[in-house]
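The structure appears below as structure tokens.
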């Protein structure tokens with residue numbers, strides 16, 4: 001609950017308290033149906049740092065697009081040894097990697113299961129990872145994905161402090177947005193090309209012009225309105241509500 005940003009504690013022994021984000025999701029998407037909710041929670045995990053080190057490491061540092069689980073475990077173990085004085089046990093690392101991969105990977109081919117028996121994690125619906133059962137390899141998907149406009153702003157606001165403080169707008173180069181730890185390129189697993197495509201789509205579909213593109217080819221910049229991540233998600237829910245009302 002804490003690492004996803006839904007709840008917080010004021011101290012180790014203090015009870016969990018609902019955050020502003022948790023309250024917003026409870027009010028607007030209580031049953032976690034909207035894909036934007038899951039993108040927001042995913043971005044929070046990628047930005048949680050040492051609280052969920054494996055998640056942060058996998059999306060921000062691990063650079064292989066095709067791999068076996070054993071390779072992922074070995075690379076994580078090596079990087080943990082370099083960055084930490086106190087190492088987790090081998091079983092802990094193996095368990096963390098297994099949990100992450102199972103949370104995101106869609107089996108190919110899919111198994112024929114009774115829907116009532118399915119235990120698939122909703123993060124699978126983000127389309128970030130596939131698992132080929134025949135070969136035992138995982139494939140990271142770096143191409144186009146269905147990412148709601150305001151969740152791009154959410155990811156930028158999470159990764160760049162300047163994007164959530166102050167007034168007016170903030171400019172970020174597409175290259176920086178693609179490579180910044182916790183930013184949209186890393187969290188959404190997008191190349192600079194596909195990230196720019198997402199930004200252009202956001203500019204076209206956002207009537208408030210909260211996200212725009214500036215500059216010429218080779219020096220494209222993203223201009224976003226400064227606001228807190230929770231406000232980006234609130235605007236996403238507002239847009240969904242507006243569309244539903246006008247479609248009725």
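The values are calculated or read from the model by the stated rules, or taken from the named source; none is laboratory data. The structure displayed is predicted, hence computed values, not measured ones. Here the Cβ positions follow ideal geometry from the backbone for every residue, glycine too, while neighbour counts run over all protein chains shown.
Residues are listed down the side, and each one gets a yes or a no for (1) surrounded by fewer than 18 Cβ atoms within 10 Å (Cβ to Cβ); (2) more than 19 Å from the chain's Cα centre (by Cα):
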| residue | (1), (2) |
| --- | --- |
| 20 | yes, no |
| 24 | no, no |
| 27 | yes, yes |
| 50 | yes, no |
| 71 | yes, yes |
| 77 | yes, yes |
In the range 94-135, how many residues are modelled with pLDDT of 95 or more and part of a helix (DSSP H, G or I)? 16
Can you pull out every residue in the range 148-169 that is touching a strand residue (DSSP E or B) at 6+ places or on another chain (Cβ under 8 Å) and surrounded by fewer than 19 Cβ atoms within 10 Å (Cβ to Cβ)? 162, 168, 169
Please go through the range 168-194 and give me each residue that is closer than 13 Å to residue 153 by Cβ and touching a helix residue (DSSP H, G or I) at 6+ places or on another chain (Cβ under 8 Å), ordered by number. 170, 172, 177, 183, 184, 187, 188
